[in-house]
1. Alpha carbons only, please: Rg and Dmax for region 68-198, in angstrom.
2. Run the simple label-point estimate for ILE219 and ALA22 please: 7 Å along Cα→C-beta, distance reported in nm.
3. Kindly give Rg over Rh for the chain, based on alpha-carbon atoms, with the Kirkwood expression for the hydrodynamic radius.
4. Which value, in debye to the nearest 20, describes the size of the charge dipole of the chain about its Cα centre when Lys and Arg Cβ atoms bear +1, Asp and Glu Cβ atoms bear -1, and nothing else is charged?
5. Tell me the angle of helix 9-23 to the major Cα principal axis of the chain, expressed in degrees between 0 and 90 and rounded to the nearest ten.
6. Which distance in nm do the two modelled labels at ASP53 and VAL4 give, with both placed 7 Å along the Cα-to-Cβ direction?
7. Evaluate the relative contact order of the chain (contact order divided by residue number), counting alpha-carbon pairs under 8 angstrom at least 6 apart; express in whole percent.
8. At q = 0.13, 0.20, 0.24, 0.25 Å⁻¹, work out log10 I(q)/I(0) for region 148-208 with the Debye formula, treating every Cα as an identical point scatterer and leaving solvent out; two decimals please.
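Nothing in this text is a laboratory measurement; each read-out follows from the coordinates by a stated rule. Only a predicted model underlies this, so the values are computations on that prediction, with no experimental measurement involved. Positions of Cβ are backbone-derived with ideal geometry, glycine not excepted, and every protein chain shown enters the neighbour counts.
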Amino acid sequence: MADVKKIATRDSYGNALKELGAEHDNLIVFDADLAGATKTATFQKAFPGRHFDCGIAEGNMIAVAAGASTMGLVPFASSFAMFAAGRAFEQVRNSIGYPHLNVKIGATHGGISVGEDGASHQCCEDFALMRSIPGMVVMSPADDVEARAMVKAAYEYVGPVYIRFGRAAVPVFHEEEGYTFEIGKGEVLQDGTDVAIIANGLMVAEAIEAGKILAEAGISAQHGYHQAPGRGTGAEGRQGVRQDHHL
């Protein structure tokens, strides 16, 4: 896939925030001393008065975002997945999930794909933690086109949302023209008759490549993508192979 354009979904996140910020004055962004890594600095440069660095205090950041949401603002709180879902879990659960507030959590560097940052930053449990909170929408985009559409959908959705973005650049396989995104709806990228490969997030591109290898071996693979981790099934009579970059 050397000739395919690659973009990290964390870059897509920053770009989408900037685009939405130009359209909506009530969109504000919080970060925890990681704006350069989470790419919220893209929004910060365009709208410095609507970007707030809370320092290395993720729990406080979540609490401040919760309060801001009660004032008619739409806050996006950003940090690494390890800190947004891990360190700040109590605040996410009790200050956002329990009252079902309109806060969006943009968590970057999720899963084991952040090898360069070390094991302490490889959050493998964020999906499980966030899905345990009733009413929390959990999503993970597969490429740049979907990531930007997902951020827009999160803004428009009224309620708590958790989105995991990746550190590494990944292939862009969706065509922006004509692409539509819907929260909670999966996507079949290729039909097959022998095996179904179900993936989400950064592993979707890998699943597509796996399907090509299987095709060379005479095995017809159906590629199924679901934005919410752990959900989705293969077609009847087929074996389902689930891929996720935190396993």
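1. For region 68-198, the Cα-based Rg and Dmax read 15.6, 53 Å.
2. About 4.6 nm separates the two model spin labels.
3. 0.98
4. It works out to roughly 560 debye.
5. For helix 9-23, the angle is close to 50 degrees.
6. Each label point is offset 7 Å from its Cα along the Cβ direction, giving 3.6 nm.
7. It comes to 19 percent, rounded to a whole number.
8. -0.44, -1.00, -1.31, -1.37
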